[in-house]
């Protein structure tokens, strides 16, 4: 048959196709009496919803067909019958303002089976659901081999065995291979379907791009531009000069219409130069006195430059204890605080720094984000908890003095992108501070990492800065690609976790 194919076309169904359609249906449903649509039914479907009725033609001969309507799904009980969902075969249940594409029929003529034509029809339905912004697709799927097992297996047991490939059901197997998942057994679904004992499986496909209709203005972005600042450590004469340099970089990434500006960990360390005569533990506490001013200034810059600023990190004293913290200064004027949970042995020994206690995601106008400061990125359970809360982008401000220290952060950050199906942006400092104890040299290469799958760079690197050079790095990330990965990726790290064996949760 394949050798004789000259043309394959997907077309909208017309009433002129009815004769071939009737013949094909009689053949496809030979075990169900009078299982074909009348001319009046087809005309009604075409009149009500022409986009939902398509055929595949091979050499201008009808080879397959898919019929569908749009329904307001909540109007129907999940135990509905075929007769109910079609409005007693009148299709009066079709609703232009509905939220679900409901499959009325789909079939391929026997001589054309094996050409994956059914997949083309299902792909069209998926594209239609996305185009119309519908929640997804649903239909009652027949289980035509069930009559052979009805005496020994319940419908539920039968479906489980089909899912485990212990029983072959050509219809159900095909539907599940096309990303439809069973949600419920429907009893008495299709009158006269003896092969299925009148049972059907309610199958669904979710549109990951669906956006619930709202009267509010939707400002959430899908393509997000990241601006990473690879900060040069140098001496500044005072606070104003340091913040002048920070504003220069915010201005630069904002000019490229970036949504985020990410600063490194302890980017404000040059201000410790005036206190280099003090013990390190006292000098860092003097630096902490600048933190409220820095946050206030960054918040002002976030508003004036219309950008979300992630401030890297800085020391902060609370209840006489010293912490390593940062702030998300949003362009709407609000601020949120994050903490370094795992301080390094050096931070604890030299500065007397404490680990923080709060881990959470943050809502922004570009989706949910998370922030882990440097060493925290080397603890995979932290980012997994954030991923469970819906994090799309993980920001990691870091400070490393040697290449081996940088390599730990860099490789752990890339692993976090793969295992949590998210984007990860890291930004560090370069250069040296000879007049600041415990901050002598820095090594960094700022980068943006992605998962490794077909929609992403093969090596998982979206963008990378030049090593040990002061610069900015701009990169766009597509949030919708993460949704596709979660559902259709070559591997699905979040979905395939064995939660029957282990559990990860916050205290």
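The values are calculated or read from the model by the stated rules, or taken from the named source; none is laboratory data. Worth saying up front: this structure is predicted, and the values here are computed from it rather than measured. Using ideal geometry, Cβ is built from the backbone for each residue, glycine included, and neighbour counts are taken over all protein chains shown.
Details
- The stretch 379-415: number of residues that are free of Cβ contacts under 8 Å to residues at least 60 places away in the same chain and over 23 Å from the mean Cα position of the chain (by Cα): 10
- Residues of the stretch 52-74 include at least one that is at pLDDT 90 or above, part of a helix (DSSP H, G or I) and within 28 Å of residue 173 (Cβ to Cβ).
- With respect to (1) under 23 Å from residue 114 (Cβ atoms); (2) under 33 Å from the mean Cα position of the chain (by Cα); (3) part of a helix (DSSP H, G or I), the lone exception for residue 195 is condition (2).
- Selected residue (criterion: modelled with the lowest pLDDT) from residues of the stretch 1-30 that are assigned to a loop (DSSP other than H, G, I, E, B) and either outside the structural domain of residue 104 (by TED's automatic domain parsing) or over 18 Å from residue 66 (Cβ atoms) (or both): 1
- Residue 326 crowded, with 19+ Cβ neighbours inside 10 Å, farther than 18 Å from residue 438 by Cα and over 23 Å from the mean Cα position of the chain (by Cα): yes
- Test: residue in the stretch 146-169 that is at pLDDT below 90, under 31 Å from the mean Cα position of the chain (by Cα), assigned by TED's automatic domain parsing to the domain that holds residue 37 and under 25 Å from residue 45 (Cβ atoms): no
- Selection of the stretch 354-374 for residues being in a strand (DSSP E or B) and either out of contact with any strand residue (DSSP E or B) (no Cβ under 6 Å at 6 or more places or on another chain) or farther than 23 Å from residue 412 by Cα (or both) yields 363, 364, 365, 367, 368.
- Criterion (in contact with a strand residue (DSSP E or B) (Cβ under 6 Å, 6 or more places away or on another chain), assigned to a helix (DSSP H, G or I) and either touching a residue at least 60 places away in the same chain (Cβ under 8 Å) or outside the structural domain of residue 32 (by TED's automatic domain parsing) (or both)) met by exactly one of 128, 121: 121
- Of the numbered criteria (1) within 21 Å of the chain's Cα centre (by Cα); (2) assigned by TED's automatic domain parsing to the domain that holds residue 139, the one residue 201 fails is (1).
- Single residue of the stretch 179-194 satisfying the filter (in contact (Cβ under 8 Å) with a residue 60 or more places away in the chain and crowded, with 18+ Cβ neighbours inside 10 Å) that is farthest from residue 138 (Cα to Cα): 193
- Residue ID - surrounded by the most Cβ atoms within 10 Å (Cβ to Cβ), chosen from residues in the stretch 258-274 that are out of contact with any strand residue (DSSP E or B) (no Cβ under 9 Å at 6 or more places or on another chain) and more than 17 Å from residue 352 (Cα to Cα): 271
- Being modelled with pLDDT of 95 or more, crowded, with 20+ Cβ neighbours inside 10 Å and in the same structural domain as residue 385 (by TED's automatic domain parsing) is not true of residue 464.
- Positions within the stretch 179-195 being touching a helix residue (DSSP H, G or I) at 6+ places or on another chain (Cβ under 9 Å), more than 18 Å from residue 153 (Cβ to Cβ) and at pLDDT below 90, in sequence order: 179, 190, 191
- Every residue from the stretch 316-331 that is under 27 Å from residue 221 (Cβ atoms), part of a strand (DSSP E or B) and touching a helix residue (DSSP H, G or I) at 6+ places or on another chain (Cβ under 6 Å): 327, 329
- Under the condition of being touching a helix residue (DSSP H, G or I) at 6+ places or on another chain (Cβ under 8 Å) and under 30 Å from residue 231 (Cα atoms), the residues counted in the stretch 462-506 number 2.
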